[in-house]
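The values are calculated or read from the model by the stated rules, or taken from the named source; none is laboratory data. The shown structure was predicted, so the numbers you read here are calculated from the model rather than taken from an experiment. Counting neighbours? That spans all protein chains shown, and the Cβs are built from the backbone with ideal geometry, glycine included. All accessible areas refer to the heavy atoms of the entire protein, side chains included, with ligands and DNA or RNA removed. Shrake-Rupley method; radii C 1.70, N 1.55, O 1.52, S 1.80 Å.
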Amino acid sequence: MINTKELRLGNLFANIEDDSIYKVTKINEDTIEGICINNMGWFGEQHFHLIEQVLPIKLTEEWLLKFGFNKDYKKGYIGKYFSNQDFVLTEPFVMGDWQKGYAFEFTTGGWSKYKEFNYVHELQNFYFTLTSEELTQVSEGEK
């Protein structure tokens, strides 16, 4: 189950009752409204989901590739080009055995810090915060 405070419009989620992926279109007190974006369910139709039915989607290399990331960086990194900049993540375990998920590294005040991501919606929110752009799936021709 996802905490509704972690979600924003456009985030992707799965439903516990089927294998479909949905995009958030409205967040209510006890339900999430979403449009099915794959053909496992009713593609393009609005659906209501009880909060208890909403599941996060595990962030995998497959999802990163769907978002337009590529592995043309040095070994252990995967990135995406946007607005004349790169948005680069370290792959799991690159920084150490404790790093279980993909992570964004940054340096501030002489300190190296990182933000680790386990789920698609977490990366979508962070990416939007840093870039002011939505992280959405790209077509084969855009990659």
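Give 5/71; 26/58; 26/113; 26/66; 5/75; 5/115 a once-over and call out the pairs whose C-alpha atoms are over 27 Å from each other.
5/71; 26/113; 5/75
For region 1-41, give the percent of accessible area contributed by carbon and sulfur heavy atoms, probe 1.4 Å, rounded to a whole number.
Summing carbon and sulfur atoms, their accessible area is 47 percent of the total for region 1-41.
Against the 2.2 N^0.38 Å scaling, with N counting residues, where does region 10-129 land? I'd like the Cα-based Rg ratio to two decimal places.
Taking the Cα Rg and dividing by 2.2 N^0.38 Å, one obtains 1.20.
Given H placed 1.01 Å from N in the peptide plane, which residues other than close sequence neighbours of residue 68 have an amide H under 5 Å from its amide H?
HN-HN under 5 Å from residue 68: 138.
Give me the aspartates and glutamates in straight-line cross-link reach of residue 23: C-alpha distance below 12 Å, same-chain residues under 8 apart excluded.
Counting by Cα, and skipping residues close in sequence, residue 23 has these aspartates and glutamates nearby: 33, 45.
I need the GluC sites (Glu not before Pro) found in region 28-112, filtered to DSSP loop residues with at most 10 other beta carbons within 10 Å of theirs.
Listed in order of number, the matching sites are 29, 45.
For the chain, what does the helix formula give at 222 nm: sum of -39500 (n - 2.57) over DSSP H segments with n ≥ 4, over the residue count, nearest 500 deg cm²/dmol?
Counting only the DSSP helices, I get -3500 deg cm²/dmol.
Of 1, 118, 85, which is farthest along the charge dipole of the chain in the positive direction, counting Lys and Arg as +1 and Asp and Glu as -1 at C-beta?
85
In region 88-143, what percent of the accessible surface is made up of carbon and sulfur (1.4 Å probe, ligands and nucleic acids excluded)?
Within region 88-143, the accessible surface is 51 percent carbon and sulfur.
Got a sec to turn the phi values of region 23-34 into Karplus ³J(HN,Hα) couplings, 6.51 cos²θ - 1.76 cosθ + 1.60 with θ = phi - 60°, whole Hz, x for Gly and Pro?
Whole-Hz 3J(HN,Hα) from phi for region 23-34: 10, 5, 10, 7, 10, 9, 4, 10, 9, 10, 9, x.
Using Cα pairs under 8 angstrom and six or more residues apart, how large is the relative contact order of region 1-126, in percent?
After rounding, I find 19 percent.
If one takes the longest principal axis of the Cα atoms in the chain, at what angle in degrees, from 0 to 90 and to the nearest 10, does the Cα axis of helix 120-131 lie?
60
Taking only protein heavy atoms into account and a 1.4 Å probe, give the accessible area per residue of the chain in Å².
Per-residue value: 60 Å².
Gap in Å between the Cα centre of region 1-78 and the Cα centre of region 84-143?
Measuring centre to centre over Cα atoms gives 17 Å.
Alpha carbons only, please: Rg and Dmax for region 68-143, in angstrom.
12.7, 40
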